[in-house]
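What follows is calculated from the coordinates using simple rules that are stated; it is not laboratory data. Just so you know, these numbers come straight off a predicted model, no measurement behind them. Cβ placement follows ideal geometry from the backbone for every residue including glycine, while neighbour counts extend to all protein chains displayed.
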Amino acid sequence: MKRLVGLFALFLLAKAEREDLSGKMFTFPVESKTHHVVLNPEMNKIFTTVTVCLRVFSDISRAQSLFSLALPSTANAFLFFREKQGHYILHILDGTAHFWGLKDEYNVWKSMCATWDANTGLAQIWVNGIPSSRKGLKQGGSLTGIPKIILGQEQDSYGGRFDAAQSFVGMLTDVHMWDSVLSPDQIVYYSYGGQFKPGNVINWNSLKFSTSGYVVVESKETSHGASSV
C-alpha cells in the first residue's frame, strides 16, 4: 500500500508542468467540490508581506473562493474570498477582515488584488484599480511552512475538504503573487494592462501547475469577454 501511495504521489508531481500562460485562462465550467488547479511555486520561505493579483469573469452571485493558500498549521493562511456582490473577505492566519462597497459587476473581466503587511497588520483589496479601506489583520504574524495554493476551491484543510457551495465557476487568468506589498501605481498598472514586474512567487508567464477534474486551459480569445478589464 505504501508503495502505491508513493507511486501515486510521483504521478501527481509528474502532472505538474511549467507553461507561459500569457493570453490563456483557466475555465471552471461547472460547480463542484472536486475540480481545481494546484499552483506549485518553488519557494519555501517566511512571508510577512504579500500581494496577490488575478482577473476573473463570472456570473455567480453566491460566495466563491478566488485564491486559497493553506499551510500545515492553518487552512485559511491567505484566502481571498468574494462573499457576495461588493463584499470581499480576506482570511489571513484564521483572522478575518471584511471589505464592503467595492464596485462589482457580473459577466465582465475584473482585475483584483489583495495586499497584506504583517509589520503594520494593514490589509487592502483593489477591484479594477480602485482601493478599499485599509483594515488591520494579524499584525506581527507570518506565513511559515510549505504552502498549498489552490484555484477553484476553498481549502478547509491543508489541500482538501472542498465545498461546492464555495467553488469558483467562471474564467480566471493572470495570477501573480509577490512577497512584497506592491505600490498603488504598480497595482493600477496591473489592473489596466500596463507594464508591471511579474510575481516572484507565482508568475503567470512561467507557471508550474496541475489541474484536477473538469478545468479547461484555453485562450481568452475564445470568450467574448477577451479584454482584460
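Of the chymotrypsin sites (Phe, Trp or Tyr not before Pro) found in region 74-152, the ones in coil according to DSSP and having at most 14 other Cβ atoms within 10 Å of their Cβ are W100, Y106.
For region 64-122, trypsin sites (Lys or Arg not before Pro) meeting the loop criterion (DSSP other than H, G, I, E, B) and having at most 13 other Cβ atoms within 10 Å: K103. Over the chain, the reciprocal of the mean inverse Cα-Cα separation, the Kirkwood hydrodynamic radius, stands at 17.6 Å. When the chain is treated as a Gaussian network with alpha carbon springs shorter than 10 Å, the biggest mean-square fluctuation among G152, G101, G121 belongs to G101. Among the listed pairs K84/K135; K33/K103; K45/K103; K84/K208, those whose Cα-Cα separation exceeds 26 Å are K33/K103; K45/K103; K84/K208. Label-to-label distance, N107 versus R134, with points set 7 angstrom from Cα along the beta-carbon direction: 3.8 nm. Peptides 56-63, 35-42 ranked from most to least packed give 35-42, 56-63, packing being the mean of other C-beta atoms within 10 angstrom over each peptide's residues.
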